[in-house]
Amino acid sequence: MDTRQTLLAHCAGHLDTLRAEGRYRDFAPLEKIAGRFPVYRWHRAGGAREITVWSANDYLGMGTHPAVLAAAAGAVARMGVGAGGTRNISGTSPLHAELEALLAAWNGKAAGLIFGSGYTANQAALSALLAALPGMEVFSDAMNHASMIDGMRRSPARRHIWRHNDLGHLESLLAAADPAAPKVIAFESVYSMEGDVAPLHAICDLAERYGALTYLDEVHAVGLYGPTGAGIAERDGAASRIDIIQGTLAKGIGVVGGYVTGEASLVDYIRSTAGGLIFTTSMPPATAAAAIASIRHIQGDAALRRRLAERAVALKAALDAAGLPRLDSASHIVPVPVPGAGRCRAVARRLLEEFGLYVTPINYPTVPRGTERLRLCATPHHDDAMIAALVRALGAVLPAAQAA
Ligand code: PLP
């Protein structure tokens with residue numbers, strides 16, 4: 001076999017299928033404009049155009065906050081850009097240690113550990129923990145993120161999938177498992193494609209009943225919920241019942257990186273065994289400095305969180321008043337269903353090209369086929385006029401797409 005020719009033909013055929021299904025990924029070049037978030041410059045053929053972004057995961061706009069920019073710039077001036085090594089090979093600055101201590105304290109845990117991304121944090125921590133004891137069984141919510149699934153698959157643990165947020169199903173799986181087997185329950189707090197929220201205390205009750213360890217992904221909640229923004233576990237007073245809290249520095253915090261926090265020996269074990277931490281260059285010191293500045297600001301700015309919640313309510317109310325569809329959501333994430341990958345993509349394209357509104361179409365495999373959607377997030381910086389413009393544009397574009 002000519003491997004090269006066969007592989008080239010396979011790749012070209014697969015890409016054709018993706019194009020035909022409306023699932024081909026192309027990236028719009030978008031330039032954030034510091035000081036004017038969520039306004040970006042879209043670099044398209046024929047020149048740049050200013051647009052409003054409705055799908056940023058920089059949920060609070062901290063990625064362009066002056067205090068965060070100043071912290072990053074100061075650290076670059078003092079320490080340069082790259083970390084220059086793995087954590088073990090001269091890549092641990094005092095800022096790395098400070099950030100880990102800050103994250104641990106935020107979650108009320110003894111220790112914290114940072115990674116290059118939230119994805120790596122999940123993949124590395126779960127694969128390490130689930131390989132730690134023989135016969136481990138992991139109970140995973142059906143909507144858990146790809147990074148958690150990746151971590152579970154890389155471990156020898158037996159995986160049980162419970163229907164999304166269905167605690168009756170979770171309990172039946174726990175009850176059917178070997179009582180002597182070590183168990184981990186892995187779940188998220190805010191599910192980013194649905195916008196719904198897990199019942200943390202009820203899951204912890206089951207974990208206690210069946211002797212399971214709890215692993216919580218707070219990626220879409222950190223910065224946004226709880227009196228100091230630590231997440232849903234803080235909001236619900238459940239943090240002390242969760243063994244490992246994982247999160248990202250890339251969304252609410254507006255920078256990049258991921259973390260886990262938990263009991264010292266668990267975190268230390270991950271630090272000493274997880275390939276995704278050991279064999280990769282550590283986060284740039286300026287990134288750690290930016291994250292520290294962002295977290296410190298967020299912790300003291302409850303008004304920003306109130307404004308986020310108020311903007312989400314305003315967006316939902318405006319969609320409802322215009323008779324536009326949306327999925328029920330208990331969070332800041334507002335999914336608007338547009339079934340059909342091609343249709344969903346076409347709607348997003350029209351919103352961008354005709355109305356200057358950037359909205360991400362969410363297709364399979366991120367969501368099941370037939371449940372494609374636009375994923376909207378109003379940040380504290382989306383004003384009433386922006387909401388009105390979005391609703392007007394959706395009102396113009398959606399009915400034609402539904403009829404198509
Ligand atoms: N966990 C969840 C639930 C996510 O949605 C994502 C990314 O969107 C991640 C983890 C990965 O986080 P990061 O973007 O920091 O890699």
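The values are calculated or read from the model by the stated rules, or taken from the named source; none is laboratory data. For clarity, every value in this text was computed on a predicted model and none was experimentally measured. Here Cβ is always computed from backbone atoms with ideal geometry, including for glycine, and neighbour counts include all displayed protein chains. Heads up: the accessible areas ignore ligands, DNA and RNA and are worked out on the full protein's heavy atoms, side chains in. Shrake-Rupley method; radii C 1.70, N 1.55, O 1.52, S 1.80 Å.
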Provide the FRET efficiency to the nearest 0.05 for the ALA45-ASP328 pair, computing r from the beta carbons and using R0 = 25 Å.
0.05
In square nanometres and to one decimal, what's the mean projected area of the convex hull around the Cα atoms of the chain?
22.4 nm²
Taking every DSSP beta bridge that has both residues in the chain, what percent is antiparallel when rounded to the nearest 5?
60 percent
Just grab the label-to-label distance for ASP166 and SER265, each label 7 Å out from Cα along the Cβ direction, in nm (one decimal).
3.7 nm
What is the dipole size for the chain, taken about its Cα centre, with +1 at each Lys and Arg Cβ and -1 at each Asp and Glu Cβ, in debye to the nearest 20?
980 debye
When every alpha-carbon pair in the stretch 258-404 is counted, what percent end up more than 20 Å apart?
62 percent
Between the stretch 96-117 and the stretch 24-88, how many Å separate their Cα centres?
23 Å
Note down the net charge around PRO285, summing +1 for each Lys or Arg and -1 for each Asp or Glu among other residues with Cβ under 15 Å from its Cβ.
0
Would you mind computing, in nm to one decimal, how far apart the modelled labels at CYS11 and ARG392 are, each placed 7 Å from Cα along Cα→Cβ?
4.5 nm
What residue among LEU216, LEU133, LEU60 has the largest mean-square fluctuation in a Gaussian network model of the chain, using Cα springs under 10 Å?
LEU133
For the chain, what is the relative contact order in percent, using Cα pairs closer than 8 Å and at least 6 residues apart in sequence?
21 percent
Using a 1.4 angstrom probe on heavy atoms only, work out the carbon and sulfur share of the accessible area of the chain in %.
57 percent
Difference of contour (0.36 nm per residue) and Cα-Cα distance, PHE27 to LEU69
12.6 nm
Run the simple label-point estimate for VAL313 and GLU98 please: 7 Å along Cα→C-beta, distance reported in nm.
3.7 nm
Find the all-direction average of the projected area of the Cα convex hull for the stretch 146-296, expressing the result in square nanometres with one decimal place.
9.5 nm²
Of all the C-alpha pairs in the stretch 1-42, what % are more than 11 Å from each other?
72 percent
Here the equivalent ellipsoid of the stretch 56-201, derived from its Cα gyration tensor, has semi-axes (largest first, whole Å) of 35, 20, 13
A chain fully extended from ALA131 to THR280 at 0.36 nm per residue, minus the present Cα-Cα distance, gains in nm 51.6 nm
Looking only at GLY254, GLY262, GLY85, which one moves most when the chain is put into a Gaussian network model with springs between Cα atoms under 10 Å?
GLY85
Compare THR86, THR280 by solvent-accessible area with a 1.4 Å probe and give them largest first, with all protein chains kept in place.
THR280, THR86
Over the stretch 225-268, what per residue volume does the convex hull of the Cα atoms give, in whole Å³?
69 Å³
Residues of the stretch 270-285 with amide nitrogen under 17 Å from the 7 Å Cα-to-Cβ point of ASN88?
270-283
Find the relative contact order for the stretch 5-134 and round it to a whole percent, using C-alpha pairs within less than 8 Å whose residues are 6+ positions apart.
9 percent
Highest-first arrangement of 314-324, 231-241, where packing means the average Cβ count within 10 Å:
231-241, 314-324
Comparing ALA181, ALA289, ALA72, which has the greatest mean-square fluctuation in the GNM of the chain with Cα pairs linked when under 10 Å apart?
ALA181
Would you work out the relative contact order for the stretch 235-306, in percent, from Cα pairs under 8 angstrom that are 6 or more residues apart?
25 percent
For LYS251, go through the lysines and keep the ones whose alpha-carbon is under 19 Å away, minus same-chain ones fewer than eight residues off.
LYS32
